[in-house]
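The values are calculated or read from the model by the stated rules, or taken from the named source; none is laboratory data. Since the model is a prediction, treat every value here as computed from it, not as a measurement. When we count neighbours, we look across all protein chains shown, and the Cβ atoms used for this are built from the backbone with ideal geometry, even at glycine.
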Amino acid sequence: MPVRRASVAAVLVGALLLSLGTLLLAIRLTAGGAEETATTAPAAVTDGYAFWDVRADGSPVRWDPCSAIPWVLRVHGAPEGARAMLETATERITQADGPRFVYVGPSDEAPAPTRAAYQPDRYGADAWAPVLVAWAPPGSDGLPLRGSDRAISLPIAVDGIFVSGQVVFNDRRTLEVDFADRTTSWGATAIHEFVHVAGLDHVDDPTQLMHRFAGSGPVEFGEGDLAGLEGLTAPGCLDAGTPRHVTVDLRPRR
């Protein structure tokens with residue numbers, strides 16, 4: 001089925017332990033032979049949060065709030081207890097009035113920078129590919145994951161609606177599989193990255209979990225985080241249309 005219209009999408013390098021680069025990659029979707037480059041201007045920070053990007057009407061690019069965001073876990077390379085930790089991370093986001101996530105099972109799929117958003121042979125013909133969560137070494141298979149990164153988030157949007165994505169953790173980093181502190185825990189990174197996939201960008205306020213640096217202290221949402229999550233779940237169902245093949249092309253954006 002041809003793509004009706006390609007729209008906003010982006011990839012953001014995630015939280016780091018000590019420092020964070022601001023490399024962004026814009027995803028371009030190809031529509032019936034004609035291309036439309038994704039909008040890459042970040043939204044202004046408001047009240048301690050920033051949306052990943054916005055639609056033409058000023059509303060945030062987000063998932064359909066009437067459906068849960070499905071995700072799968074690539075067990076290979078993941079630390080012991082990863083699934084339980086990740087489910088706790090997504091539950092905390094939902095309890096904070098953010099989007100709902102649902103774990104739909106394990107996957108043997110490896111992360112890739114141009115991962116297809118529609119994989120009917122692997123995940124069924126009636127749905128977009130679920131968010132893939134995986135651990136991988138820096139730079140593997142061309143991923144923009146650097147040695148200093150904790151993780152990267154790669155959401156994909158069609159027609160201004162997120163439909164799929166990836167969260168890739170750095171398997172060369174040694175962190176605890178808990179939520180004890182932002183400095184030491186995979187849990188803090190998991191929440192941060194899932195919120196990126198849900199639709200929030202970095203902020204410069206260190207009291208927010210979406211601060212561009214991991215920081216230290218309790219793994220708790222700040223007021224800005226909570227306001228941003230609320231904006232992603234505003235009433236009104238969204239429809240990205242019938243799942244279909246789209247072309248994902250990564251371009252550097254700095």
(Q) Please determine whether any residue of the range 170-177 is in contact with a Pro (Cβ under 7 Å, 6 or more places away or on another chain), of a type outside the set (Ser, Thr, Tyr) and on the phi > 0 side of the Ramachandran plot. (A) no
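Which residue out of Asp178, Asp205, Asp249, Asp201 is closer than 15 Å to Trp52 by Cβ and either at pLDDT 95 or above or not β-branched (Val, Ile, Thr) (or both)?
Answer to the check: Asp201.
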Q) Looking at (1) farther than 24 Å from Pro65 by Cβ; (2) at pLDDT below 95, can you tell me which one Val219 breaks? A) (2)
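Being small (Gly, Ala, Ser), surrounded by 16 or more Cβ atoms within 10 Å (Cβ to Cβ) and either over 26 Å from Ala127 (Cα atoms) or modelled with pLDDT of 95 or more (or both): is that true of Ala41 here? Full working, then the answer.
Working: small (Gly, Ala, Ser): yes; surrounded by 16 or more Cβ atoms within 10 Å (Cβ to Cβ): no; either over 26 Å from Ala127 (Cα atoms) or modelled with pLDDT of 95 or more (or both): yes.
When the stated conditions are applied, Ala41 does not pass them.
Could you grab me the full set of residues in the range 71-107 that are in a loop (DSSP other than H, G, I, E, B), crowded, with 20+ Cβ neighbours inside 10 Å and under 17 Å from the mean Cα position of the chain (by Cα)?
Gly98, Pro99
Condition check: of a type in the set (Phe, Trp, Tyr), without any contact (Cβ under 8 Å) to a residue 60 or more places away in the chain and closer than 29 Å to Ala234 by Cβ. Does Tyr103 satisfy that? Outline the logic, then answer.
Working: of a type in the set (Phe, Trp, Tyr): yes; without any contact (Cβ under 8 Å) to a residue 60 or more places away in the chain: yes; closer than 29 Å to Ala234 by Cβ: yes.
For Tyr103, the condition - of a type in the set (Phe, Trp, Tyr), without any contact (Cβ under 8 Å) to a residue 60 or more places away in the chain and closer than 29 Å to Ala234 by Cβ - is met.
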Q.
Return the pair list, or none, for Cβ contacts closer than 7 Å from residues in the range 183-198 that are surrounded by fewer than 24 Cβ atoms within 10 Å (Cβ to Cβ) to residues that are assigned to a helix (DSSP H, G or I), at least 6 apart or on different chains.
A. Gly187/Met85; Gly187/Thr88; Gly187/Ala89
Q) Hey, among the residues in the range 108-139 that are outside any loop (DSSP other than H, G, I, E, B) and under 24 Å from His202 (Cβ atoms), which one's farthest from the chain's Cα centre (by Cα)? A) Ala136
Q. Among Ala125, Ala129, Ala110, which is modelled with pLDDT of 95 or more, surrounded by 24 or more Cβ atoms within 10 Å (Cβ to Cβ), over 29 Å from Glu220 (Cα atoms) and not aromatic (Phe, Trp, Tyr)?
A. Ala129
Q: For the range 158-179, name all the residues that are over 22 Å from Thr114 (Cα atoms), acidic (Asp, Glu) and not in a strand (DSSP E or B).
A: Asp178
Q: Would you point out the residue of the range 170-182, among those that are within 22 Å of Glu91 (Cβ to Cβ) and of a type outside the set (A, V, I, L, M), that is surrounded by the most Cβ atoms within 10 Å (Cβ to Cβ)?
A: Arg182
Q. Modelled with pLDDT under 95, assigned to a strand (DSSP E or B) and either surrounded by 22 or more Cβ atoms within 10 Å (Cβ to Cβ) or among the hydroxyl-bearing types (Ser, Thr, Tyr) (or both) - does that describe any residue in the range 140-149?
A. yes
